[in-house]
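Engineer: The structure's right below; bear with me while I get my questions together.
Rule-based calculations on the coordinates, nothing more; no lab input. Because the structure is predicted, anything quoted here is derived from the model rather than measured. Ideal geometry is used to build each Cβ from the backbone, glycine not excepted, and the neighbour counts take in all protein chains shown.
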Amino acid sequence: MPRAFEASSPSERPLTRCAGLIPVASQDLDLHHTVMPETLRTSTPTEVLAGLVDRVTFHNSENGFCVLRVKARGQRDLITLVGHAAMISAGEFVQASGTWVNDRTHGVQFKASFLKATAPTTVEGIEKYLGSGMIRGIGISIRAAADAQMLLKKQGFYRSC
């Protein structure tokens, strides 16, 4: 029995391995007489990311596409998260699974294939959520109060409990 890479008769040429191609013996070619491209052996691993939405940079209400700046666990700086969510607001806690991509224009981003948002439970999250304008009439006054509180803390007039 001939091996896959040896010619079984003098009229057949032995197949050689080309860069990026898998050699196929002639007896394996029934209808298609082409050499099959090698499949990608390395796929980008899926990661899980969780954190607090600091800012909603963009949200399309028609298809749910969103660009978020997230304060993620285990990350020093804010990260850019790209995904789809029906509604999203600053201060919400997000859990996402996806991959890291390096966009030519926008840089490193986490591209979420799954995105789940939950209501905030921390004081910082609740302040951001209420200050985001999701509840009409509260956003501006909460942001103003938070700004005033931060200013007073910096000046030493306000001490937190």
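Engineer: Are any residues in segment 53-81 touching a residue at least 60 places away in the same chain (Cβ under 8 Å) and of a type in the set (D, E, K, R), and if so, which ones?
Structural biologist: Asp54
Engineer: Also, I was wondering about something else. Scan segment 48-62 and tell me whether some residue there is outside any strand (DSSP E or B), of a type outside the set (Lys, Arg), over 20 Å from Val123 (Cβ atoms) and under 14 Å from the mean Cα position of the chain (by Cα).
Structural biologist: There is no residue in segment 48-62 that is outside any strand (DSSP E or B), of a type outside the set (Lys, Arg), over 20 Å from Val123 (Cβ atoms) and under 14 Å from the mean Cα position of the chain (by Cα).
Engineer: Continuing with the same structure: Hey, could you check segment 85-110 for residues that are among the charged types (D, E, K, R) and more than 12 Å from the chain's Cα centre (by Cα) and say which is surrounded by the fewest Cβ atoms within 10 Å (Cβ to Cβ)?
Structural biologist: Here the answer is Arg104.
Engineer: Further, regarding this structure: Among the residues of segment 58-69, is there at least one that is among the β-branched types (Val, Ile, Thr) and closer than 19 Å to Leu130 by Cα?
Structural biologist: Within segment 58-69, not a single residue is among the β-branched types (Val, Ile, Thr) and closer than 19 Å to Leu130 by Cα.
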